[in-house]
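Everything on this sheet refers to the single structure shown next.
Coordinate-derived values only; no laboratory data. The structure presented is a predicted model; accordingly, all values stated were derived computationally and were not measured. Note that each Cβ is placed from the backbone with ideal geometry, even for glycine, and that neighbours are counted across all protein chains shown.
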């Protein structure tokens, strides 16, 4: 088990000739992990910053709506962070496909800054890989733990 983990880390860190996109997938896994682990601190800070910016725009919107904007921004940011956590499960898929970081957040600053729209193409990609991978793992678990043993018992009487 230790050798397999070391091989996986080495593949993700530097990339290899069999999977040239493994280094990109490693960077994606690091970004997903960073966003997921720091979400409890970052979500309220990012939501407060975005709610404040939404209330002071040129459109003359009042700061009266700041509490409601803050709650809405918290939901949006928490949802994006949850998609990053789900996408972390899809790391094996990203190693094979060679997908790089989603690029929704600028993660080199603290707190992070969102650099893509909340409901854009990148968010759809996160949902596709993350939710698909979790669903695939759940289906594999169900088949392995319930369906196959039930079939075995049915055939063997």
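By the beta-carbon count within 10 Å of each Cβ, the least crowded to most crowded order of 122, 77, fewest first, is 122, 77. Taking other C-beta atoms within 10 Å as the exposure proxy, 63, 153, 28 rank 153, 63, 28 from fewest upward. Of the residues 151, 83, 126, the one with the fewest other Cβ atoms within 10 Å heads the list, and the complete ranking is 151, 126, 83. Here residue 93 and residue 145 are evaluated by their C-beta separation; at R0 = 22 Å the FRET efficiency comes out at 0.50. Among rounded, prolate and oblate, which fits the stretch 22-157 when a ≥ b ≥ c are the square roots of the eigenvalues of its C-alpha gyration tensor, a/c under 1.5 means rounded, and a/b larger than b/c means prolate? Judged from the Cα gyration tensor, the stretch 22-157 comes out prolate (a/c at least 1.5, a/b above b/c).
Note on the stretch 107-150: Kirkwood radius taken over Cα pairs, Stokes-Einstein applied at 4 °C and 1.567 mPa s, translational D equal to 99 µm² s⁻¹.
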